[in-house]
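Everything below concerns the one structure shown next.
Only the coordinates and a few stated rules stand behind these numbers; no lab work does. All values derive from a computational prediction rather than experimental measurement. FYI the Cβ positions are ideal-geometry reconstructions off the backbone, even for glycines, and counts take in every protein chain you see.
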Amino acid sequence: MIEYVTSLEGVEPVDLEGFFVGWPVQPTPQRHPELLRGSEHVVLARDAESGRIVGFVNAVRALLEDRYLVDLRCDEELVPFYERLGMTRLTAMGIRTRGAIPG
């Protein structure tokens, strides 16, 4: 069973290991909580049996429904999933500064 929490209270860096696999520059588990604390909203998915964090989001659409625009970046294979949730594909441009995520 998965439980959802909206606080980082009690979350240790070891709880966040295993995310960002395949990224050219991966934030360390010690840096990951700092990134989450900088978000407006955070929801963690925690396995109720093991206590392990199995997923996270930095914003929840219901909490942001008064916003004009909520952007989401995802890998191409995840696009159909988000389209089923009512999101629309947008064209965007960006610059990624790989060194901006210190280890």
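What to note about this one:
- The chain: relative contact order in percent, alpha carbon pairs under 8 Å with at least 6 residues between: 29
- Each stretch of four or more DSSP H residues adds -39500 (n - 2.57); spread over every residue of the chain, this sum gives -2500 deg cm²/dmol at 222 nm.
- For a label point 7 Å along the Cα-to-beta-carbon line of MET87, residues of region 38-66 with backbone N under 13 Å: 56-62
- When +1 charges are put on Lys and Arg Cβ atoms and -1 charges on Asp and Glu Cβ atoms, the dipole computed for region 43-103 relative to its Cα centre reaches about 200 debye.
- Estimated at 0.36 nm per residue, the fully extended path between CYS74 and GLU49 surpasses their Cα-Cα distance by 6.1 nm.
- Remark on ARG52: its backbone amide H falls under 5 Å from those of ASP47, a criterion applied only to residues 5 or more positions apart or on other chains, H modelled at 1.01 Å from N.
- Each Lys and Arg adds +1 at its Cβ and each Asp and Glu adds -1 at its Cβ; summed about the Cα centre, region 2-90 shows a dipole of about 200 debye.
- Option label - Cα Rg over 2.2 N^0.38 Å computed here, alternatives (1) 1.16; (2) 1.93; (3) 0.95: (1)
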